[in-house]
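Notes follow once the structure below has been shown.
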Amino acid sequence: MKSDLCLDKKNNLVFYRNPGAKSFSLVVSVRDGTAYEAKDEWGAGHFLEHLHFQGCRSYPSFFEQAFAVEEKGGRFSAQTVRQAVTYWIK
């Protein structure tokens, strides 16, 4: 099977389609981190990472978010590095 890679440089998006895969992944990476923060703002990106897990109306807690994904065999997480905050779900 042929895999497809599509780059959208205008919107900084990368799509990779693999028809033979048995799952999908979604990765969202935001250009943030200490490389882009003033010294007195260091940690703001990491704080935003933690807000991601605070819940929403449909899944009001981290436990409910995790259960909804993991009961289907999936996983999700986030990380902050010097130049990016990344969220992913598989």
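The values are calculated or read from the model by the stated rules, or taken from the named source; none is laboratory data. Because the structure is a prediction, the values reported are computed rather than measured. Ideal geometry is used to build each Cβ from the backbone, glycine not excepted, and the neighbour counts take in all protein chains shown. Accessible surface areas use protein heavy atoms only, side chains included; no ligands, DNA or RNA. Shrake-Rupley method; radii C 1.70, N 1.55, O 1.52, S 1.80 Å.
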Practice task
Out of the residues in the range 66-78 that are modelled with pLDDT under 90 and in contact with a helix residue (DSSP H, G or I) (Cβ under 9 Å, 6 or more places away or on another chain), state the one that is most open to solvent (accessible area, probe 1.4 Å).
Solution key: 76
Practice task
Report, ordered by the first and then the second residue, all pairs with beta carbons closer than 8 Å, sequence separation of six or more or different chains, a first member in the range 34-52 that is on the phi < 0 side of the Ramachandran plot, and a second member that is among the polar types (S, T, N, Q) and open to solvent by 80 Å² or more (accessible area, probe 1.4 Å).
Solution key: 35/83; 36/83; 49/79
Exercise for the section: Could you give me the residue pairs with C-beta distances under 9 Å whose first residue belongs to the range 58-79 and is of a type in the set (Val, Ile, Thr), whose second residue is outside any loop (DSSP other than H, G, I, E, B) wherever it lies, and which are 6+ apart or on separate chains? Expected result: 69/76; 69/89
Exercise for the section: Within the range 25-37, identify whether any single residue is open to solvent by less than 70 Å² (accessible area, probe 1.4 Å), more than 18 Å from the chain's Cα centre (by Cα), of a type outside the set (Ser, Thr, Tyr) and closer than 23 Å to residue 84 by Cβ, and answer yes or no. Expected result: yes
Exercise for the section: Looking only at the range 38-57, decide whether some residue is of a type in the set (D, E, K, R) and in contact with a strand residue (DSSP E or B) (Cβ under 8 Å, 6 or more places away or on another chain). Expected result: yes
